[in-house]
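The values are calculated or read from the model by the stated rules, or taken from the named source; none is laboratory data. As the structure is a prediction and not an experimental result, all values here were calculated from the model. Virtual Cβ from ideal backbone geometry, glycine too; neighbours counted across all protein chains shown.
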Amino acid sequence: METSKDLGKEDVKSLFFAYYKPILMSLLSITIHQIVDGIILGQKVGKEGIAAIGIYAPVLIVFIAFCLAVMIGGGIMVSKNIGAKDYSKVQHVFEFTTTIAILIGIVVSSIAIFFTEEIAMMLAGNENMALYENTEVYMFWSFIGLPFFLVRIVWGGLLNNDNAPKIARNASILAAGVNIILDILLVIVFPFGMAGASIATAIAIFSAVLYVFVYIYSGKSSFSVKNFKFRVQYEEWKELLAYGFPSCISELCFALGFLVINKYLLDYGALAVAAFGLINYISFSFLRLFTAAMLAMQPIISFNIGAKQPERVLAILKYTLQFTIVLGAIVFGIGYFFPDILIRIFSNDKTITFNELARTSLMIYFALFFVAGPNYVLVMYLQSIGKSKLATFFNIMKGLGFVILYINILPAINNWGLNGIWWVRPITEISVLILIVIYTRSQYIKYYSKEAILNKL
C-alpha cells in the first residue's frame, strides 16, 4: 500500500505536523481523560486515589517495557520496509509483534493478579491504609485488562508508522470518550471507587482495540488480519528487538528509578509519598507533548533511512530538537508559575501542609521539562540509525544510573533534605543531555554522517 504522503519529498516541517497533530490529539485525548478521571477521583476518593494511580504507573511501565521494545522496533522496521517497498516484510513484522504482545499480556496478567497486595504494600507502605487499599484495587483490575492494553500499544505504533496516525488518534479519542462516560457511571452514579475507575479504563481500551481491528480488517493498511498467522519466529527478530531494546530499558530503568525515589520518600512520611504520586500523575500528562514529538519524528526518519535519504533524516532531527526546546520552556513556565492551579485540579486535600509540600515539589520537578524533549528525540534518533547500545546506555543513566547517584548526594547538600529528592529527576535529565551532546558531537562522523545514518559504519 502506498502512503498518502510522500515522506521522501514533502517539506519536513509539514510532515512533522502531519504526524504530530494526530499523535498529539491521540495523547491529549488520553490526557483529557486523565484530567477528568483525576477530577472525579480527586473529589470522590481523595488525594489517595490520584496518588494510587501515580504510584501504579511505574509498575505498569515494568510490564509493558518489553512490549514497547516490540512496538518501537516493529515501527522502525515497518517504516524502513515501506520506504524500501518491501510489503511482505511489513506483514511479517505485524504478525510477529502482535503475537508477542498477546503472549506477554496473557502471561503477565495471569501471574500479576496474584501479587497485587504485595506490590501495593511495597509501594504505598502501611502508614496510610487508604493509599494502600486504593493502589491494590486499581492494580488488580488493571492487570486483568493488560492483554488488550499491550495490543493497543503495538497496533497504535504500527499504524503511526504506516502513515495512519489519524486512525490511532481516532482510537484514542474513542477510548477516552468511553472511559469518561464509564468513569461517571462507575465512580459517581454507582460508587465503585478505584475499582470502577480501573474497570472503566479496561473496557475503554478494548473499544479502541476493536476499532483498530475493524480498520485493519478493511484492507486499508499495509498489513492485514485476514489469514493472520501467529508468528513466534521472524527472520530479522534480532534487528527488530535491537531497534526497540533501548525503549524497553528506558521504561524499566525509569520504573526502577521511581522505586528508588519512592523508597527514600517513605522516610519522610505518607504526605511525601502522596505528593510524589500526585506530581508524577501531573508530569506524565505533560510528558505526552514530548512523546508525541518523538513519535512524529520516528516514522519520517525510518522511512528516509529505508529510502536512503540521510539529508532528510538530519533535517527532521534538527527541526524536532528546536520544537521540543521551545515546548519545554513553555511547560516549565506552567508548572513554575501556576502550581497551585494544577494541584487544586487534581486534589481535594485542603490541608495547608500537603498543599505547600506538593507546590514546592511540583515547581522543582517541572525543571526537567527544559531538557526532557531533546533527550527523547536524540535517543530515538540513535535507535533509528542502529546505535542501540549507545541509546541503551543513555537510557540506563537517565532512568536509574544518575538517579542512584544524585539521590545519595543532593539531599545532603546544604541540608536540602526533601527538596534534594525533588531535584533528582531534573538534574538527572540535564546530566544526560550534556553527556549525549558532548559524546556524539565529539564523534560527529560516527553519528551524524551519511554512512552512519544508513548503517554503513
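Sub-7 Å Cβ pairs linking a first residue in the stretch 266-292 that is free of Cβ contacts under 8 Å to residues at least 12 places away in the same chain and surrounded by 21 or more Cβ atoms within 10 Å (Cβ to Cβ) to a second residue that is among the hydroxyl-bearing types (Ser, Thr, Tyr) and assigned to a helix (DSSP H, G or I), at least 6 apart or interchain, number zero.
Grab the helices (runs of 4 or more DSSP H) fully contained in the stretch 93-190, keeping just those with 3 or more residues being free of Cβ contacts under 8 Å to residues at least 40 places away in the same chain. Lay out the reasoning, then the answer.
Numbers: elements: 116-124, 129-144, 146-161, 165-183.
Passing ranges, in order: 116-124, 129-144, 165-183.
As a summary of the residue check, Leu28 satisfies the conditions (1) within 19 Å of Ser172 (Cβ to Cβ); (2) modelled with pLDDT of 85 or more except for the one numbered (2). Exactly one residue out of Ile61, Ile53 is in contact with an Asp or Glu (Cβ under 7 Å, 6 or more places away or on another chain) and in contact (Cβ under 8 Å) with a residue 12 or more places away in the chain, and it is Ile61.
Here Leu405 fulfils each of the conditions (1) at pLDDT 95 or above; (2) crowded, with 18+ Cβ neighbours inside 10 Å apart from (2). Among residues of the stretch 205-217 that are closer than 12 Å to Val151 by Cα, those with a beta-carbon under 6 Å from a residue that is part of a helix (DSSP H, G or I) and of a type in the set (Lys, Arg) at least six positions away or on a different chain give the pairs Ile205/Arg152; Ala208/Arg152; Val209/Arg152. When each of Val59, Val70, Val78, Val90 is tested for being of a type outside the set (Asp, Glu), buried (at least 21 other Cβ atoms within 10 Å of the Cβ) and at pLDDT below 80, the lone residue that passes is Val59. Pairs linking a residue in the stretch 226-249 that is surrounded by fewer than 17 Cβ atoms within 10 Å (Cβ to Cβ) to a residue that is among the charged types (D, E, K, R), with Cβ atoms under 7 Å and 6 or more positions apart or on different chains, are Phe228/Glu95; Lys229/Glu95.
Taking the conditions (1) out of contact with any Gly (no Cβ under 9 Å at 6 or more places or on another chain); (2) under 20 Å from Ile438 (Cβ atoms) in turn, Gly373 satisfies each one other than (1).
Could you list, in sequence order, the residues of the stretch 347-360 that are outside any loop (DSSP other than H, G, I, E, B) and buried (at least 24 other Cβ atoms within 10 Å of the Cβ)? Lay out the reasoning, then the answer.
The initial filter retains those residues of the stretch 347-360 that are outside any loop (DSSP other than H, G, I, E, B), namely 352-360.
Answer for the stretch 347-360, where residues must be outside any loop (DSSP other than H, G, I, E, B) and buried (at least 24 other Cβ atoms within 10 Å of the Cβ): just Ala358.
Take the stretch 421-436 and flag every residue that is out of contact with any Lys or Arg (no Cβ under 8 Å at 6 or more places or on another chain) and touching a residue at least 12 places away in the same chain (Cβ under 8 Å).
Kept after step one, since they are out of contact with any Lys or Arg (no Cβ under 8 Å at 6 or more places or on another chain), are these residues of the stretch 421-436: 421-427, 430-431, 433-436.
Within the stretch 421-436, Ile421, Trp422, Trp423, Val424, Arg425, Pro426, Ile427, Ile430, Ser431, Leu433, Leu435, Ile436 qualify.
Any residue in the stretch 405-416 that is more than 30 Å from Val313 (Cα to Cα) and in contact (Cβ under 8 Å) with a residue 60 or more places away in the chain? Yes. The set of residues in the stretch 206-245 being part of a helix (DSSP H, G or I), modelled with pLDDT of 90 or more and under 22 Å from Leu103 (Cβ atoms) consists of Phe206, Ala208, Val209, Leu210, Val212, Phe213, Ile216, Tyr217.
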